[in-house]
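> Before anything else, here's the structure in question.
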Amino acid sequence: MSKRIIVANWKMNPTSSSEARKIFTAIKKGTSKLPELEVYVCPPFVFLPDLVKSKTTEKVALGTQDLFYENAGAYTGQVSPKMVREYKTKLAILGHSERRALGEDNVVVGKKARHVISEGMTALVCVGEGERNDEGGYYTFVRDELEAVLTGLKRTDLKKLILAYEPIWAIGKRAEEALDTKALYEMVLFIRKILIEHFGRTPAERVPILYGGSVKASNAHQFVTEGGVNGLLVGSASLNPKEFITICKETLKK
Ligand code: PGA
């Protein structure tokens, strides 16, 4: 697995298309010369028509923060993979904890992942526990979230799958409150083991695993070098181009 992957999750930000354009342009400019890096920017849907016009580079592709498991029909408020195709979106974040908190369950996340992959996009599926205790129940929690998605996938689907481990308690905090890298390393091994159980070693080892949860310029390097992840899912820091570009650079440092 060569390239590192950085995904920007803008969530429900910014509040105008001119601002979105400004951030996107700055990110593209700042990352254009970085080798061995894949960058995805996932803005709110409404900004896609505008951002796609600002010529995506090979380095920075557009993505979405969700997508539905049907292509059209009586589903008020939903957006389908087919609808965003003309905006050249390459990836959809699915099962983000903020969506799960609004009622999305494992079954729905599994259906969405299958559909997004069958439509030729990459499914970035988020998993992560709400809290940690000494009994290690969070491993079972993460396993259940993963099983719900993996049981429905074929080995050939794995080319279009990325997993993100995002402990909910570590999202939206200061850098010091993020997960420690030893705990991350253990969880990455656990997730990899589940992938191997399902698909065998070689295909399983090709699935990128990202970390998300208070990733900043100051801790990005540690996560990829000590945490054993293939990249990062960045929330609030991705709205600040300067910080986001530094995160990208830190990710590439040896
Ligand atoms: P954060 O968000 O970087 O602001 O913690 C990460 C996420 O929720 O994807």
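> Which FRET efficiency value, to the nearest 0.05, is calculated for Ala72 and Arg206 with the Förster distance at 35 angstrom and r the Cβ-Cβ distance?
0.60
> Another question, if that's okay. Grab the eigenvalues of the alpha-carbon gyration tensor for region 32-72, scale each by 5, take roots, and send me the semi-axes largest first in whole angstrom.
23, 13, 8
> Alpha carbon centre of region 107-141 versus region 22-57: separation in Å?
The two parts, judged by their Cα centres, are 26 Å apart.
> Here is a follow-up. Give the distance, in whole Å, between the Cα centre of region 176-208 and the Cα centre of region 1-20.
Cα centroid to Cα centroid, the span is 24 Å.
> Rounded, prolate or oblate: which fits region 137-254, taking a ≥ b ≥ c as square roots of the Cα gyration tensor eigenvalues, rounded meaning a/c under 1.5, else prolate when a/b beats b/c?
Cα axes put region 137-254 in the prolate bin.
> Here's something else I'd like to know. Out of Gln78, Phe45, Phe223, whose Cα points farthest toward the positive end of the dipole of the chain (charges: +1 Lys, Arg; -1 Asp, Glu; placed on Cβ)?
Toward the positive end, the furthest listed residue is Phe45.
> When the scattering of region 3-139 is computed by the Debye formula from its Cα atoms alone, each counted once and equally, what is log10 I(q)/I(0) at q = 0.17, 0.21 Å⁻¹?
-0.96, -1.30
> Additional query: Put a dot 7 Å past each Cα toward the Cβ at Lys253 and Tyr139; how far apart are the dots in nm?
3.3 nm
> Over all directions, how big on average is the projection of the convex hull of the alpha-carbon atoms in the chain, in square nanometres?
Taking a quarter of the hull surface, the average projection is 12.8 nm².
> On to the next question. Starting with the highest mean, order 100-110, 202-212 by the number of other Cβ atoms within 10 Å, averaged over the residues of each peptide.
Highest mean packing first, the order is 202-212, 100-110.
> Follow-up. Taking just the alpha carbons, could you work out the radius of gyration and Dmax for region 56-115, both in angstroms?
Considering region 56-115 through its Cα atoms, Rg and Dmax are 12.2, 36 Å.
> State which helices in the chain qualify, where a helix is a whole DSSP H run, it must extend 15 Å or more along its own axis by its Cα atoms, and its mean Kyte-Doolittle hydropathy must be at least 0.0.
106-118, 137-150, 181-199, 241-252
Coordinate-derived values only; no laboratory data. Keep in mind that this is a model prediction, so the values were computed, not measured. So basically every Cβ, Gly included, is an ideal-geometry build from the backbone, and we count neighbours across all protein chains shown.
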